[in-house]
Amino acid sequence: MYRTVQDFLNDWSDSVQGTLRVLQAVTDEKLGQAIVEGHNTLGWLGWHLANAPVFFMKTLGFDIEPAGEKQPDKAAEIVQAYTRVAEDVKRTVERNLTDEQLVESIQTFAGVVPRGAVLRKLIDHQTHHRGQMTVLLRQAGLPVPGVMGPTKEGN
């Protein structure tokens, strides 16, 4: 749970940079890569990461513009949409939340929790799906960027 806005913003910045490295590793040709047929694809996961922050911010009482409804067929468009939404999250938190508000509890789909816990779940959710994407990148034969440590490719 976050107790200061700055702590969240620091972690959000790191998380966004790691997520961007993963999203930028996806090619248009591999957007349909899934672990097995019928499971989430690289494209779906990337688009989900671009849109999911909208849900978390709505839980906190803030409206930010979604990336869009229809998943693009260009990987670069997913990166562009994610970048915009991630910046909207940063700007919204900077402008609208105080340290005192982060420890105040609110009603969420998971019950009553502090606002800072919602922001922690946002980052945890992003990390979870980013991890799924790294497995799919490897399966697709694409280079896996180092996000939380080095990879086989050494980056």
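Just name the residue that is nearest to L31 (Cα to Cα) out of those in the stretch 101-155 that are of a type in the set (G, A, S) and in a helix (DSSP H, G or I). Explain how you work it out, then say what you get.
From the stretch 101-155, those of a type in the set (G, A, S) are 105, 110-111, 116-117, 131, 140-141, 146, 149, 154; that's our starting set.
From what's left, in a helix (DSSP H, G or I): 116-117, 131.
Working: G116: 33, A117: 32, G131: 16 Å.
Among those residues, the one meeting the criterion is G131.
Matching residues to (1) without any contact (Cβ under 8 Å) to a residue 60 or more places away in the chain; (2) closer than 20 Å to R3 by Cα; (3) loosely packed, with under 12 Cβ neighbours inside 10 Å:
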{"site": "N40", "(1), (2), (3)": "no, no, no"}
{"site": "A50", "(1), (2), (3)": "yes, no, no"}
{"site": "K70", "(1), (2), (3)": "yes, no, yes"}
{"site": "D73", "(1), (2), (3)": "yes, no, yes"}
{"site": "E77", "(1), (2), (3)": "yes, no, no"}
{"site": "Y82", "(1), (2), (3)": "no, no, no"}
{"site": "V93", "(1), (2), (3)": "no, yes, no"}
{"site": "F109", "(1), (2), (3)": "yes, no, yes"}
Evaluate the stretch 41-49: report whether one residue or more is of a type outside the set (K, R) and farther than 27 Å from T151 by Cα. no
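For every residue, the table says whether it meets (1) assigned to a loop (DSSP other than H, G, I, E, B); (2) aliphatic (A, V, I, L, M); (3) modelled with pLDDT under 95; (4) touching a Phe, Trp or Tyr at 6+ places or on another chain (Cβ under 9 Å).
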position	(1), (2), (3), (4)
Q17	no, no, no, no
V36	yes, yes, yes, no
W47	no, no, no, yes
M57	no, yes, no, no
E65	yes, no, no, no
A86	no, yes, no, yes
Counting only residues that are more than 15 Å from V135 (Cβ to Cβ) and of a type in the set (A, V, I, L, M), the stretch 29-48 contains a total of 1
When the stretch 19-28 is checked residue by residue, the ones that are assigned to a loop (DSSP other than H, G, I, E, B) and within 14 Å of H129 (Cβ to Cβ) are V26
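The values are calculated or read from the model by the stated rules, or taken from the named source; none is laboratory data. Remember, predicted model here, so these are calculated numbers, not experimental data. Every residue, glycine as well, gets a Cβ built from its backbone with ideal geometry; the counts of neighbours run over all protein chains shown.
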